[in-house]
Amino acid sequence: MQFFIKKYKKENDINTKYEVIAELFSSRIGRVLDMPVLEIVPKEEGLMMKLLQKKSDGKSRNADKIKRALAFEEWLLNIDLKEEHVMVDNTNTAYIIDHGHSLSAWKPLYYVVEIINKPVTRFKLWSDMKSYNEGVEIVRSLDCEQTKILLKETANEVAHIFNLNNDEIEDFVKISSRILEYRKKNLHLLFTN
């Protein structure tokens, strides 16, 4: 198996650090939920993951998981989900990649408030209402407190890589936890119209 290292951005902007937290957390919580996301391992130079080189056509061997994952992507507030972010490996198993614009990463608070009650994904993962609702139930199976613990652990791990201070960590965890709690309660309403 070949691996790819997504190098850390050089800019000294807080959002570049929040992006790494969002990537790692999305991978970890997604794997807990059996969502089609890659395992991501932080390294000194960047995030290591399985190398994927082919875009999915929606006919992967795990197409049902991909369709259910729309609820997961909406829950994460992933504003950057697009067709190019669904890739397949050499067994035609699809994975959703690039969760750096999830949670509160790259979003000013006024924008979060503006989009919190709306569908945000740009690509709907070939999903339908049945698959989406199955995904909603999977997300709802999560314990909010355990989710918050995983988010905080992930943020603290990234803090050691980038020397983030406690206030920067607490801000991200607090806002992102509230996003996750609110979206979890309201996921079933996003596509009712």
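Over region 15-90, what is the relative contact order in percent, taking alpha-carbon pairs closer than 8 angstrom and at least six residues apart?
Reported as a whole number, the value is 29 percent.
Mean shadow of the chain, computed from the convex hull of its alpha carbons, in nm²?
In nm², the orientation-averaged hull projection of the chain is 10.4.
Under a crude label model (7 Å from the Cα following the beta-carbon direction), how far is Gln2 from Thr16 in nanometres?
The answer from the label model is 2.7 nm.
So, for the chain, what is the accessible surface per residue at a probe of 1.4 Å, expressed in square angstrom?
Per residue, the chain has 52 Å² of solvent-accessible surface.
Could you order Val173, Val113 so the one with the most accessible surface comes first? Probe is 1.4 Å.
Largest to smallest exposure gives the sequence Val113, Val173.
Distance check, please: which entries in Lys9/Lys54; Lys55/Lys130; Lys43/Lys67; Lys65/Lys118; Lys152/Lys185 exceed 27 angstrom between their Cα atoms?
Violating the 27 Å Cα-Cα cut-off are Lys43/Lys67.
For the chain, what relative contact order do you get, as a whole percent, if you take Cα pairs closer than 8 Å and at least 6 residues apart?
Answer for the chain is 25 percent.
With a 1.4 Å probe and all protein chains left in place, how much of the accessible area of the chain comes from carbon and sulfur atoms, in whole percent?
The computed percentage sits at 50.
At a 1.4 Å probe radius, which order do His101, His160 fall into by accessible area, largest first?
If we order His101, His160 from most to least accessible, we get His160, His101.
Per DSSP helix of 4 or more residues, -39500 (n - 2.57); summed, then divided by the residues of the chain. What does that give at 222 nm, rounded to the nearest 500?
About -15500 deg cm²/dmol.
Using a basic spin-label model with each label point 7 Å from the Cα along Cα→Cβ, how many nm lie between Asn163 and Glu45?
Rounded to a tenth, the inter-label distance reads 2.2 nm.
Among the DSSP beta bridges whose two residues both lie in the chain, what percent are antiparallel, rounded to the nearest 5?
90 percent
The values are calculated or read from the model by the stated rules, or taken from the named source; none is laboratory data. Predicted, not measured: the structure shown is a model, and the values here were computed from it. Neighbour counts are summed over all protein chains in view; Cβ atoms, including those assigned to glycine, are modelled from backbone coordinates with ideal geometry. Surface accessibility is based on the protein's heavy atoms, side chains included, excluding ligands, DNA and RNA. Shrake-Rupley method; radii C 1.70, N 1.55, O 1.52, S 1.80 Å.
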